[in-house]
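This structure is in structure tokens; I'll ask about it shortly.
The values are calculated or read from the model by the stated rules, or taken from the named source; none is laboratory data. All values derive from a computational prediction rather than experimental measurement. Note that each Cβ is placed from the backbone with ideal geometry, even for glycine, and that neighbours are counted across all protein chains shown. Ligands, DNA and RNA are excluded from the accessible area calculation, which covers all protein heavy atoms including side chains. Shrake-Rupley method; radii C 1.70, N 1.55, O 1.52, S 1.80 Å.
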Amino acid sequence: MGTLVEEIIGNRLGRSVSAGDTVVAPVDCAFAHDVTAPLAIEAFERMEMPLHDPQRVVLVFDHVMPAATVAAAELHQRIRRFAADHQVRNLFAEGICHIIMVERGYARPGGIVVGADSHSTTYGGLGCFSTGMGSTDVGVILATGRTWFRVPQTLRVEVTGELRAPLTAKDVALHVLGSIGGDGADYMAVEWGGETVARMTLDQRLTLANMAADMGGKTGLCEVDETTLEGTTPIDGVPIPQPRSPRYADTLHVDVTHLQPQIAMPPAADNVHDIADVAGTPIDEVYIGSCTNGRLEDMEVIARYLSGHTVHPNTRTVVVPASRRIYTEALRRGWIETIVEAGALVMNPGCGPCLGRQHGVVAAGERVVSTSNRNYPGRMGSPHAEIYLTSPAVAAATAVAGCITDPRSAR
Amino acid sequence: MGRAWVLGDGVSTDAVMPGRFNLTTDPKTLAHACLCEARPDFAAGVQPGDVIIAGRNFGCGSSREHAPVSIRETGVVAVVAASFARIFARNAVNIGLPVIRCPAAAAAIVDGDSVEVDLRTGTVISGGRRFDGEAPSQLAVRIADAGGLVELIHDSGWAALEESRA
């Protein structure tokens, strides 16, 4: 009996748990990336214990990959040395950690995953209890294979109505974030459900779960159904989790029938508006990618909007497929050629310019449209740049027009 | 007794430690960059014993532990805020930076005021006024007493936490 998060944790512990309980639970897989791994390694070394299980550890180079500075190169070197010393073979430099965790099957329905990155909520989209922690927590997991959780209360978000293209899960996530605020789901599980979510692809659901982090959520979850099981393999030996007579702390009903394309304005991702409020604002840089929106479906959307067009001369446009698999598939389908011919810059899979260290750092006074999830001052470079968050369709239409553009009016 | 450094609502870990400055694990280097854009006078002016006072959702955003490490390294004895983002609060406790949830203190204390905090009770005292903050959880106290999460689990194992309640 319980919400999805109570069911997942309860199934793994073999006893029922309720929101508010503090539990010590096994972790199926823990990961860290090139910025958070070095501190996690230091915490692990202070534990003075052997690595609990190298197969349950994943290390990803994505935040500054390839290294853009000597400092970054030295961090990478330390991580590689650690991996070699401890026989960690799950070492990836081919995309964003959150995409790798799904593609490679480290995050599975019914599982428990902890990542040293706040957007580790993402795999909840396939019915895995996954959450972000800091490096010290992950260091302790490396040594013991376990961690402690307070079982969270659940905010159920019931989404109904037809989501008409070009609107996507990103618009839904931004809309909910704007409604409840950046701490609206603090310490809670956000459980996404309803007919609209049931019709979404797995990629779209991962976008919803990803942005639960930006609502303060401990995790974001979608129910496991046929769509989930087509693309994933559940954890062995535990039932496929489903909410059973759940008791939600709160339920939010969202009808998306008349939803407009959404845009988060500076200075925070919860400052969400209909696109009409800012349409026409000149834009210096467009970034399309990230753990929110760098997936194959997103590459298709960009190619469709850029096909037969050239990006605006005042708007440098950076496109970053989120993983090597996405990149190669988009190449095969001709989408990358279309994107490059339109004048966009296509970078190697990874976090791209999302966090202001590489691939399109911005200057004071510049305005950016980004498909990522964060627009805090200084996020992408100068604290005096403005960052607007949108769906890939809005971003691609904006790249062509040179100003914030409703994709429904493009072409 | 220390000086209050007052910040607003929604101070993110990007503001505490911008992504361009956290390509190191050295606490001293991190401390020099702490709040460098959000509060440029902080790193040079902060003294051991000082207290950060902030509004809602302090530490929101990235899980980067560099943020609480940088604050701890400046000698700040506690962060008092109207509320904390989840990962930041957990990280802070894990690495030995006390956090106190106290909306009344956050609303009343002005930058530069003298502040004293009682880490056991969550009480904040400033200019003769007394604000009752939230006392730390039993779990947070055990982690703090051990000197951090690593030290607690290293010395006592998970049994130490299985007995306690958050």
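What do the square roots of 5 times the Cα gyration tensor eigenvalues come to for chain B, in whole Å, largest first, as semi-axes of the equivalent ellipsoid? Numbers along the way, then the final one.
Numbers: eigenvalues 110, 85, 36 Å².
Three semi-axes, in Å: 23, 21, 13.
Rounded to the nearest 10 Å², what accessible area does residue A:327 have for a 1.4 Å probe in the complete protein model?
Approximately 60 Å² of residue A:327 is accessible to the 1.4 Å probe.
Let me ask you something else. Which shape class applies to region A:306-403: rounded if a/c is under 1.5, otherwise prolate when a/b exceeds b/c and oblate if not, where a ≥ b ≥ c are the square roots of the Cα gyration tensor eigenvalues? Mind dumping the intermediate values first?
Working: a/c = 2.15, a/b = 1.41, b/c = 1.52.
Cα axes put region A:306-403 in the oblate bin.
Per-residue accessible area for residue A:65 at 1.4 Å probe radius, Å² rounded to 10?
Its heavy atoms expose roughly 30 Å² to the probe.
Right, here's the next one. Sum up the charges of everything whose Cβ sits under 15 Å from the Cβ of residue A:329, counting Lys and Arg as +1 and Asp and Glu as -1, but leave residue A:329 out. Could the numbers behind the result be given before it?
On the way: positive: A:295, A:324, A:325, A:332, A:333; negative: A:94, A:103, A:203, A:297, A:298, A:300, A:337.
Neighbour charge sum, excluding residue A:329 itself: -2.
Additional query: Rounded, prolate or oblate for region A:108-199? Axes are the square roots of the Cα gyration tensor eigenvalues, ordered a ≥ b ≥ c, and the cut-off for rounded is a/c under 1.5.
Details: a/c = 2.38, a/b = 2.03, b/c = 1.17.
Note, shape of region A:108-199 comes out prolate.
Across all directions of projection, what mean area in square nanometres is found for the Cα convex hull of region A:50-110?
Taking the Cα atoms of region A:50-110, their convex hull projects to 4.7 nm² on average.
Considering just Cα atoms, how many Å³ per residue does the convex hull of region A:1-156 enclose? Walk me through the intermediate numbers first.
Working: hull volume 16.4 nm³, N = 156.
Enclosed volume per residue, from the Cα hull, is 105 Å³.
Grab the other residues whose beta carbon is less than 11 angstrom from that of residue A:63, score K and R as +1, D and E as -1, and report the net.
Here the charged neighbours net out to -1.
Given a 1.4 Å probe and every protein chain left where it sits, what share in percent of the accessible area of chain A is carbon and sulfur? Can you show the working numbers first?
Details: 6720 of 13900 Å².
Carbon plus sulfur share of accessible area: 48 percent.
Any idea of the total accessible area buried by the B-A contact, 1.4 Å probe, rounded to 100 Å²?
Between B and A, the summed buried area is about 3900 Å².
Right, next: Roughly what % of Cα-Cα distances in region A:136-178 sit above 12 Å, to the whole percent?
Numbers: 676 of 903 pairs.
Tail fraction, whole percent: 75.
In addition: In deg cm²/dmol, rounded to 500, what helix-only [θ] at 222 nm does chain B give when every DSSP H run of at least 4 residues adds -39500 (n - 2.57) and the total is split over its residues? Working shown, then result.
On the way: 9 runs with 60 residues, N = 166.
The helix contribution divided over chain B gives -9000 deg cm²/dmol.
Hey, could you pull the Cα Rg and Dmax for chain A, both in Å?
20.3, 61
Would you calculate the volume per residue, in Å³, of the smallest convex hull containing every Cα atom of region A:169-308? Mind dumping the intermediate values first?
Details: hull volume 20.5 nm³, N = 140.
So the per-residue hull volume is 146 Å³.
Also, I was wondering about something else. At a threshold of 8 angstrom on Cα-Cα distance, excluding pairs fewer than six apart, so keeping six or more, what relative contact order does region B:17-130 reach in percent?
On the way: 196 pairs, mean separation 25.0, N = 114.
Relative contact order here is 22 percent.
With heavy atoms of protein chains only and a 1.4 Å probe, what residues of region B:8-33 have at least 40 Å² less accessible area in the full set of chains than alone?
Relative to the lone chain, where solvent access is computed with a 1.4 Å probe, region B:8-33 loses at least 40 Å² at B:14, B:20, B:23, B:25.
Using Stokes-Einstein with the Kirkwood hydrodynamic radius over Cα pairs, what translational diffusion coefficient do you get for region A:240-389 at 37 °C and a viscosity of 0.692 mPa s, in µm²/s rounded to a whole number? Show your work: numbers first, answer last.
Values: Rh = 16.7 Å.
The estimated diffusion coefficient comes to 196 µm²/s.
Here's a follow-up. With only alpha-carbon atoms counted, please give the Rg and Dmax of region B:1-77, in Å.
In order Rg, Dmax, the Cα atoms of region B:1-77 give 11.3, 33 Å.
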